[in-house]
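Read through the structure below, which is laid out as structure tokens, and then see the notes.
The values are calculated or read from the model by the stated rules, or taken from the named source; none is laboratory data. Please read all numbers here as calculations on a predicted model, not as lab measurements. Cβ atoms come from the backbone with ideal geometry, glycine included; neighbour counts cover every protein chain shown.
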Amino acid sequence: MSFIEYNDVLPFGQHKWFKEIVEGKDFSWCFNQDSTFSDACIQNKNPSFSRTICESETKFQDKYLSNKFELIFLTLLDTAKLDKRRLQRVRLGLYLPIKTEAKHNNIHIDRATKHIVLLYYLNDNDGDTYWFDSNDNIIHKFRPKANTAIVFDGMIRHASSNPSTGFKISLNLNIDNEYK
């Protein structure tokens, strides 16, 4: 699978509604010492905020947000022709303009098992997403655009980066890709 980009994924009103909620003063975000959620002793800590909506490995589900945003998730999955029954994780990420020496945050994969990632961007910003080969060479780069999704093989190592101004909000869906 290569990188597939979907523009104007959600109807304008639905995108606006979703964006207003997650950018609103009543929406709660959790602080992460590192955007990759790594427990390992990594060289660079890249703080961010997130909100996990569901995670199959820990059997966690925020039922309120899962129900509230269900149509958003279904529309994204349907657009990319991905099976909703294979959805493993849904997480929102909020990145601030934190200045570091590094061009990007820590390189990682989201899960140890085969999966597909759908990244949906809620706003325009310059906090690019990068993908890498096994030698840490950049093989693809994407500049976030509001209401755009990019789908890729989750086993490709990737990294987020922080915007230079403002903030970046992305929605990350992990879909199981192991056929049993």
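Search the stretch 42-85 for residues being over 16 Å from Val9 (Cβ atoms), touching a residue at least 24 places away in the same chain (Cβ under 8 Å) and of a type in the set (Val, Ile, Thr), and hand back the single one that is surrounded by the most Cβ atoms within 10 Å (Cβ to Cβ). It comes out as Ile53.
Number of residues in the stretch 102-160 that are hydroxyl-bearing (Ser, Thr, Tyr), in contact with an Asp or Glu (Cβ under 7 Å, 6 or more places away or on another chain) and at pLDDT 95 or above equals 1. The residues on offer are Ser160, Ser134, and the sole one that is surrounded by fewer than 19 Cβ atoms within 10 Å (Cβ to Cβ) and small (Gly, Ala, Ser) is Ser134. The residues listed here are Ile169, Ile150; of these, the one that is under 12 Å from the mean Cα position of the chain (by Cα), buried (at least 18 other Cβ atoms within 10 Å of the Cβ) and within 18 Å of Glu20 (Cα to Cα) is Ile169.
Among the strands (runs of 3 or more DSSP E) confined to the stretch 110-180, the ones with at least 1 residues that are of a type in the set (Asp, Glu) are located at 148-153, 168-176. Residues being farther than 19 Å from Asp34 by Cα and surrounded by fewer than 17 Cβ atoms within 10 Å (Cβ to Cβ) are entirely absent from the stretch 98-108.
Specify which of the listed residues (Val90, Val9) is among the β-branched types (Val, Ile, Thr), on the phi < 0 side of the Ramachandran plot, in contact (Cβ under 8 Å) with a residue 40 or more places away in the chain and in a loop (DSSP other than H, G, I, E, B). Residue meeting the stated conditions: Val9. Quick check on Gln33: is it loosely packed, with under 14 Cβ neighbours inside 10 Å and more than 14 Å from Asn174 (Cα to Cα)? Judged against the criteria, Gln33 is a match. Scan the stretch 18-35 for residues that are part of a loop (DSSP other than H, G, I, E, B) and either of a type in the set (Asp, Glu) or modelled with pLDDT of 95 or more (or both) and the total you get is 7. Summed over the stretch 93-109, the residues that are assigned to a loop (DSSP other than H, G, I, E, B) and among the small types (Gly, Ala, Ser) give a count of 1.
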